[in-house]
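The values are calculated or read from the model by the stated rules, or taken from the named source; none is laboratory data. This one's a predicted model, so the numbers in the text were calculated from it and none came from an experiment. Note that each Cβ is placed from the backbone with ideal geometry, even for glycine, and that neighbours are counted across all protein chains shown. Note: accessible area is taken over every heavy atom of the protein model, side chains too, but ligands, DNA and RNA are not part of it. Shrake-Rupley method; radii C 1.70, N 1.55, O 1.52, S 1.80 Å.
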Amino acid sequence: MLTNTKHFMNECYRVLKPDGILNMLNFDAFRFSSLFFQDPEHKKGFTRETYKYFVYDTSYYKNFGSIYGYKPWELIKIKEEGSCLRVKMSPHK
């Protein structure tokens with residue numbers, strides 16, 4: 001279970017080479033918000049919008065993500081796979 005998003009994302013950033021790719025598959029909380037929020041064990045939800053907080057050239061990152069302490073990422077691709085999002089990102093170093 002992911003309990004500390006900033007630690008997870010910043011550790012991925014730290015260990016990946018500059019040309020490395022982070023490939024994640026996560027449940028799309030926006031598409032299934034009622035199911036996500038009814039489960040008492042769900043701690044954090046990710047949507048397409050969530051990733052804007054990590055991507056260096058978005059206003060979300062500039063106004064919030066960088067202030068929150070997230071390292072900058074480059075978005076390669078977001079693709080829907082059933083009820084999930086497949087996200088590929090690379091460290092912006």
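If we keep just the residues of region 43-72 that are modelled with pLDDT under 90 and open to solvent by less than 80 Å² (accessible area, probe 1.4 Å), which is farthest from THR5 (Cα to Cα)?
THR47
Mind checking which residues of region 20-33 are out of contact with any helix residue (DSSP H, G or I) (no Cβ under 9 Å at 6 or more places or on another chain), modelled with pLDDT under 90 and open to solvent by 80 Å² or more (accessible area, probe 1.4 Å)?
Correct list: ARG31 only.
For region 63-72, which residues satisfy the criterion of being in contact (Cβ under 8 Å) with a residue 40 or more places away in the chain and in a helix (DSSP H, G or I)?
Listed by number, the list holds a single entry, TYR68.
Assuming LEU75 fulfils every condition listed in (1) open to solvent by less than 30 Å² (accessible area, probe 1.4 Å); (2) assigned to a strand (DSSP E or B) apart from one, which condition is it?
Result: LEU75 fails condition (1) only.
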